[in-house]
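Notes follow the structure.
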Amino acid sequence: MATDHSFKYRGHHLHCGPIAMADGRFGAQVVVAEDAGDSVHERRFADLDFFLTEAEAVAHGKATGERVVDEKLVAK
C-alpha cells in the first residue's frame with residue numbers, strides 16, 4: 001500500500017511523493033495545486049534534491065511547496 005504524502009497548506013494542495021532511486025536514495029518533488037473554479041492550476045517541481053530517507057525527501061518537498069505558496073501569496 002502506497003503512503004499518501006499529500007498536505008493542505010493555505011488553500012493549496014501539496015503532493016510530495018518521493019521517487020525511489022536505484023542507489024537507495026529518494027528524490028524530492030512536489031506538485032502544488034490550487035482549485036481555480038472549474039479548473040485546477042498545478043506547478044510541478046521535480047528533482048529538487050536527493051536524500052537518504054523517504055521522510056527527508058517528503059519534508060524537503062513539503063517545505064519547497066510551502067515556500068512557493070507563501071511567495072505567491074506575498075506577491076499578490
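Points worth noting:
- The packing ranking, built from the mean of other Cβ atoms within 10 Å per residue, places the peptides 57-64, 15-22 in the order 57-64, 15-22, highest first.
- Surface accessible to a 1.4 Å probe, per residue, for the residues of region 1-60, Å²: 69
- For S6, the residues whose modelled amide H falls within less than 5 Å of its own, excluding neighbours fewer than 5 places apart on the same chain, are C16.
- Karplus (6.51, -1.76, 1.60) ³J(HN,Hα), θ = phi - 60°, over region 46-57, in Hz, Gly and Pro reported as x: 9, 6, 5, 5, 10, 9, 6, 10, 4, 4, 5, 5
- Taken over the chain, the percentage of Cα pairs per 5 Å bin, counting from 0 up to the bin with the maximum distance, is 3, 18, 26, 23, 15, 9, 5, 2, 0.
- Taking the 1.4 Å solvent-accessible surface of the chain as the whole, the part contributed by carbon and sulfur is 53%.
The values are calculated or read from the model by the stated rules, or taken from the named source; none is laboratory data. All of these numbers come straight from a predicted model, not from anything done at the bench. Don't worry about glycine lacking a Cβ; one is built from the backbone with ideal geometry, like all the others, and counts go over all protein chains shown. What goes into the accessible areas is simple: the full protein's heavy atoms, side chains included, and nothing from ligands, DNA or RNA. Shrake-Rupley method; radii C 1.70, N 1.55, O 1.52, S 1.80 Å.
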